[in-house]
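Enquirer: Let me begin by handing over the structure; questions about it come next.
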Amino acid sequence: MGYYAVIDCDNCYVSCERVFRPDLRRKPVVVLSNNDGCVVARSNEAKQIGVKAGTPYYQLASLFPGQQFAVFSSNYELYADMTARVMSMIRAAAPVCFRYSIDEAFCRLDGMPENLLKTWGETLHKRILRNTGMPVSIGIAPNKTLAKMASHYAKHYRGYRHCCVIDSDEKRVKALKHYPLKEVWGIGRRYAVRLESMGDRTAWDFSCHHADWVRLQFNVSLQRTWMELGGKDCVPDEQMASHKKSICTSRSFSGMITDLTDLSTHVANYASRCAEKLRRQHAMASVVGVFADTNHFRDDLPQYQACGDRRLLTPASATQPIVQTALDILRHIYRPGYHYKRAGVIVMGIQEEEGVQTNFIDFDAERFKKMKRLDEAVDRINRIGGSETVVLATQQYTRPAGQGKAEVFANAIRHDFRSGNPSTRWSDLIELH
DNA sequence: TCTGGGGTCCTAGGACCC
DNA sequence: TCTGGGGTCCTAGGACCC
């Protein structure tokens with residue numbers, strides 16, 4: 001029987017910040033979402049105090065009066081860099097692995113003798129901690145769902161020394177009997193509520209139903225989870241595949257926006273980011289979509305969800321056509337008189353760069369090559385200098401004020417507690433020569 | 001006053017075709 | 001006025017994940 005390992009970073013964003021702030025060990029630390037909106041990561045100390053994920057930042061002081069927290073705005077460049085180091089160490093330790101999210105990876109441990117699994121995990125944990133400063137938890141089991149469950153035990157019980165292995169039916173049953181339903185990978189809050197109303201409390205209770213009952217009451221996804229809890233391996237690896245079917249960039253604004261010009265600046269930036277993400281995975285998109293929403297928390301204001309999309313004549317990853325299309329769509333779906341709080345761009349119909357069908361009506365090979373060279377240069381500069389070092393004119397968060405002087409655009413994204421970027425990458429410095 | 005951002009899959013129902 | 005049945009594709013909505 002083959003085994004899977006899941007390796008995931010403990011309190012990932014908090015751990016990233018702490019690597020450069022060892023003074024914050026054992027202190028309550030939280031990291032905020034974009035715009036300093038709500039808590040997205042908490043140190044164990046913050047969890048113990050009772051801070052819940054998703055708590056709006058502005059409620060923190062009143063919910064926990066007198067409590068001291070170290071607070072960070074999110075710094076995704078730092079987290080991407082730190083986790084890339086962790087991932088490269090994981091890849092070195094296992095021949096087949098797939099990154100599942102920013103802080104998590106699955107590995108196949110086919111052929112590894114069962115008596116070595118635990119040592120493999122403990123060694124990897126130590127190596128990652130020593131070389132990157134990142135604490136990880138490792139779960140090992142015959143399928144991905146049980147491996148996730150094992151990693152949960154590894155994270156919460158010190159006795160496992162950061163690595164928990166489920167390698168027998170006794171251990172599987174014991175793990176299920178102590179595992180709350182809503183923590184099962186594939187059973188979310190909604191399904192947990194439904195199952196609890198039917199009398200289930202633990203993963204074990206759920207696994208005792210009949211397969212047909214699960215299929216009839218729910219769907220094939222949940223039935224697959226049910227099978228994995230029973231020990232079968234049926235979540236395909238392809239589900240972890242990294243090539244995306246859509247790429248989205250969206251943000252909430254710190255204030256609200258009514259003006260089309262202001263909205264266009266943001267949308268141009270999101271479109272540009274989408275194009276950059278496409279190029280990074282050597283892909284092109286054939287459909288561009290744009291949305292803009294009003295603030296759904298404001299019952300006193302009229303609500304509107306603008307959205308629209310358009311097919312490109314020729315699939316693209318170049319910044320210019322994607323930005324232009326996005327702005328065009330925005331002009332069509334924009335309605336004056338609303339207070340917009342959030343907007344985004346999504347690119348779909350994604351194909352590999354090679355083998356893209358070019359439409360001859362629209363296609364100009366020379367122009368295409370020029371745009372490609374330009375984008376490559378811009379990507380390189382932005383990787384070194386930080387994103388948005390070089391942008392299109394429409395992307396600038398400034399606009400002319402009265403006497404021809406530029407003023408900083410009032411609705412930029414807020415990051416009041418941002419750490420620096422202490423982890424400059426060598427690869428980027430080398431590219432300078 | 002302030003309430004995130006990115007993805008995936010499945011299903012039901014409608015449109016459309018023969 | 002009567003007005004079947006089956007297949008496929010698309011879309012919207014709802015669930016899940018981190």
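Taken together, the values in this text are just the output of simple stated rules run on the coordinates, not laboratory data. Computed from a prediction, not measured in an experiment: that's the story for all the values here. As a convention, Cβ positions derive from the backbone with ideal geometry for all residues, glycine included, and neighbour counts pool all protein chains shown.
Enquirer: If I ask for residues that are of a type in the set (K, R) and touching a residue at least 60 places away in the same chain (Cβ under 8 Å), which ones from the range A:103-154 would you list?
Expert: A:R108, A:K144, A:K148
Enquirer: Taking the criterion of being among the acidic types (D, E), within 30 Å of A:R251 (Cα to Cα) and away from DNA strand C (no atom under 16 Å from the Cβ), would at least one residue in the range A:159-179 satisfy it?
Expert: Within the range A:159-179 (the criterion being among the acidic types (D, E), within 30 Å of A:R251 (Cα to Cα) and away from DNA strand C (no atom under 16 Å from the Cβ)), the answer is no, since none of the residues qualifies.
Enquirer: I want to confirm something. Restricting to the range A:163-185 and keeping residues that are without any contact (Cβ under 8 Å) to a residue 24 or more places away in the chain and either outside any helix (DSSP H, G or I) or away from DNA strand B (no atom under 16 Å from the Cβ) (or both), which single residue is nearest to the chain's Cα centre (by Cα)?
Expert: A:P180
Enquirer: Taking interchain pairs and intrachain pairs at least six residues apart, which have beta carbon atoms under 9 angstrom, with the first residue in the range A:46-64 and more than 20 Å from A:N11 (Cα to Cα) and the second outside any helix (DSSP H, G or I) and of a type in the set (A, V, I, L, M)?
Expert: Cβ pairs passing all conditions: A:L63/A:V51; A:F64/A:V51.
Enquirer: Name the residues in the range A:281-340 that are farther than 26 Å from A:K369 by Cα, under 26 Å from the mean Cα position of the chain (by Cα) and in a helix (DSSP H, G or I), would you?
Expert: The one that is farther than 26 Å from A:K369 by Cα, under 26 Å from the mean Cα position of the chain (by Cα) and in a helix (DSSP H, G or I): A:L330.
Enquirer: Let me ask something else about it. Determine whether A:D110 is more than 13 Å from DNA strand B (Cβ to nearest atom), touching an Asp or Glu at 6+ places or on another chain (Cβ under 6 Å) and of a type outside the set (A, V, I, L, M).
Expert: In short, no.
Enquirer: Assess whether A:S252 counts as being out of contact with any helix residue (DSSP H, G or I) (no Cβ under 9 Å at 6 or more places or on another chain), of a type in the set (S, T, Y) and surrounded by fewer than 20 Cβ atoms within 10 Å (Cβ to Cβ).
Expert: no
Enquirer: Would a scan of the range A:299-307 turn up a residue that is among the aliphatic types (A, V, I, L, M), buried (at least 23 other Cβ atoms within 10 Å of the Cβ) and touching a Leu at 6+ places or on another chain (Cβ under 9 Å)?
Expert: No: the range A:299-307 contains no residue that is among the aliphatic types (A, V, I, L, M), buried (at least 23 other Cβ atoms within 10 Å of the Cβ) and touching a Leu at 6+ places or on another chain (Cβ under 9 Å).
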